[in-house]
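The values are calculated or read from the model by the stated rules, or taken from the named source; none is laboratory data. Note that the structure is a prediction, hence the values are computed from the model and not measured. Note that we place each Cβ from the backbone using ideal geometry, even for glycine, and neighbour counts take in every protein chain shown. Quick note on the areas: whole protein, heavy atoms, side chains included, nothing else; ligands and nucleic acids left out. Shrake-Rupley method; radii C 1.70, N 1.55, O 1.52, S 1.80 Å.
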Amino acid sequence: MQQMLVETPPGQARITRFPAVGRRRAALAVSHGAGGGIEAPDLQALAAALPAAGIEVALVEQPWRVAGKRLAPAPKTLDAAWTVLIPAYRAEALPDGVALFVGGRSAGARVACRTGLETGAAGVLALAFPLHPPGKPDKSRAPELLGTGLPTLVVQGAADAFGGLAEFPELPKGHRLVALPAGTHEFAVRKTQEPVLDQITDAVSEWISSLL
């Protein structure tokens, strides 16, 4: 595990790197949601599993989290940080020719969807994409997901209050939806249900490998 700090317009971001084991085939930079940090179980599962497959994982803490604030800023502020820290990470940590995928969970997924093309990413990973606020399906954020312009993997739990599997619109070519049999917005499951974290890491590893 290695850490780097990056100065961005909204403040200092922190990137925690989990280097690939053996030959580095690709890198995945992922960020947290609006209500949590990189300690989220799905992000930690990726950091634990993917390096063994030759994929470096970089967990990105947005400036507002680094500063100890409890509420995320406006989307344009999140994007302003992301579009600076991703090129900085690439320049400092990745040699030429290593494919960089970007993504995150919830609000972090939205940032990656909005800025993926601008950052030169090879693809976008959307974990628990928040199609709408809970109970407000009329406030759709689907255009962000549909308009990435890049290969996009969406991983959604069956019990996600921010958007159920049946609510997803038809995805464009190059997008793929992994519909988990269980899992809340945080991918938590009931005691009687099988955990889904291994399914998430397997799906992400296979998707990245398919694009290399």
Members of the range 94-141 that are among the polar types (S, T, N, Q) and part of a loop (DSSP other than H, G, I, E, B): Ser106, Thr119, Ser140
Please work out if Glu61 is at pLDDT 95 or above and under 11 Å from Ala29 (Cα atoms). yes
Across the range 84-105, what is the total count of residues that are within 17 Å of Pro63 (Cα to Cα) and open to solvent by 10 Å² or more (accessible area, probe 1.4 Å)? 4
Here the residues within the range 67-82 that are over 16 Å from Val30 (Cβ atoms) and either open to solvent by less than 30 Å² (accessible area, probe 1.4 Å) or assigned to a helix (DSSP H, G or I) (or both) are Pro75, Lys76, Thr77, Ala80
Confirm whether Asp160 is of a type in the set (Asp, Glu), open to solvent by 40 Å² or more (accessible area, probe 1.4 Å) and assigned to a loop (DSSP other than H, G, I, E, B). no
If I go through the range 170-187 residue by residue, how many of them are open to solvent by 20 Å² or more (accessible area, probe 1.4 Å) and touching a residue at least 40 places away in the same chain (Cβ under 8 Å)? 1
Could you grab me the full set of residues in the range 112-145 that are open to solvent by 60 Å² or more (accessible area, probe 1.4 Å) and not small (Gly, Ala, Ser)? Arg114, Leu117, Glu118, Pro134, Lys136, Pro137, Asp138, Lys139, Pro143
If we keep only residues of the range 37-66 that are assigned to a loop (DSSP other than H, G, I, E, B) and not β-branched (Val, Ile, Thr), then the residue nearest to Phe101 (Cα to Cα) is Gly54
Name the residue that is nearest to Gln156 (Cα to Cα), counting only residues in the range 180-209 that are of a type in the set (S, T, N, Q) and in a helix (DSSP H, G or I). Gln199
Among the residues of the range 50-61 satisfying the criterion of being open to solvent by 10 Å² or more (accessible area, probe 1.4 Å) and touching a residue at least 40 places away in the same chain (Cβ under 8 Å), which is farthest from Leu127 (Cα to Cα)? Ala53
Can you work out which of the residues in the range 12-29 that are more than 17 Å from Ala52 (Cβ to Cβ) and either open to solvent by less than 20 Å² (accessible area, probe 1.4 Å) or of a type in the set (A, V, I, L, M) (or both) is farthest from the chain's Cα centre (by Cα)? Ala13
